[in-house]
1. Tell me the per residue accessible area of region 1-61 using a 1.4 Å probe; a whole number in Å² is fine.
2. Return the whole-Å distance between the Cα centroid of region 147-173 and the Cα centroid of region 206-266.
3. Report the full-extension gain for the segment ASN265 to ALA25: residue separation times 0.36 nm, less the Cα-Cα distance, to one decimal in nm.
4. Could you tell me which of rounded, prolate or oblate describes region 146-220, using a ≥ b ≥ c as the square roots of the eigenvalues of the alpha-carbon gyration tensor, with rounded for a/c under 1.5 and, failing that, prolate when a/b is larger than b/c and oblate otherwise?
5. Using a 7 Å offset from Cα along Cα-Cβ at SER63, what residues in region 222-266 end up with backbone N under 13 Å from the label point?
6. Rounding to the nearest 20 debye, state how big the charge dipole of the chain is about its Cα centre with +1 on each Lys and Arg Cβ and -1 on each Asp and Glu Cβ.
7. About its Cα centre, how strong a charge dipole does region 48-106 have in debye, to the nearest 20, once Lys and Arg get +1 and Asp and Glu get -1 at the Cβ?
8. Heavy-atom accessible area per residue, region 108-266, 1.4 Å probe: how many Å²?
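The values are calculated or read from the model by the stated rules, or taken from the named source; none is laboratory data. Keep in mind it's a predicted model, so treat the numbers as computed, not measured. Because the Cβ atoms are built from the backbone with ideal geometry, glycine has one as well, and the counts that use them run over all protein chains shown. Surface areas here come from the heavy atoms of the whole protein model, side chains and all, with no ligands, DNA or RNA. Shrake-Rupley method; radii C 1.70, N 1.55, O 1.52, S 1.80 Å.
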Amino acid sequence: MKKQPIGVFDSGIGGLTILRALHRALPHENLLYFGDTANVPYGGKSKAAVTRLALDVARFLESCGVKLIVVACNTASAQALSALRRQLTVPVLGVIEPGAQAALAATRNRKIAVLGTQGTVESKAYIKAIHKRCPQAHVFQQACPLFVPLAEEGFADKPAAELIAREYLQPVQQSGADTVILGCTHYPILKNLLARILGPRVNLVDSADTLAAAACQFLQAHHLAAPGGKGSVKLYTSDAPEKFTASARKLLGQQTPRATLKKLNV
Ligand code: DGL
């Protein structure tokens, strides 16, 4: 079991930031990543639709013999985690709890802002996870739907991205939050821009690092960590594998293997 791969999935390329963090934190593990590019974005879809898509992807990863599934997608974690845990036999880790914990560890004034998709914001998943641990915390939420196409299209460094980010971040700055959760896998791609606008006094909680740390802890606690050797990365995508491979190579390096096309339920 220890030698089995870890499955990671997201609606698209955003979760590659989490894959990169997992690969760095767990260099001995074999990682299988599924980017559901045929169905991106998940962020504006209903809970029922997100749950159905997440179950399809997770069942595919389970059929590959993974020992653990990491739901890199915040929207799927927020809306489908309990359904995944009910319906799969393999353990499932989501991104919300580690993100909430990391934000509480970072905040000094207990004012936390969550940037996320419409679906994540509406689920109030981060608010619940934060209030479970610290009922006094003030949690402000801001949906930033335009960040996803900006990241997907490689617009992170363009002036248009800055204009949009300033608009979304204005109420966040007014909220007085000293800690901001990047509650969507795509947002770490815009991290430098967001950090520049918010300034040095605001902590940015990146779900990539926090989820990688949680996966490390889980594997240790359940005696599931790979015994050694060099871990590998295998990429699957449900559409446009060439475009996906190009994005993956930009983020993970040119040595990244080509993505394999895997259509689900067609
Ligand atoms: N991956 C999604 C998330 O982390 C964002 C992109 C989408 O809307 O599908 O919430």
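1. 36
2. 26
3. Net length gain for the segment: 83.1 nm.
4. Oblate.
5. Hits in region 222-266 for SER63 at 13 Å: 262-266.
6. Charge dipole of the chain: 520 debye, to the nearest 20.
7. It works out to roughly 120 debye.
8. 52
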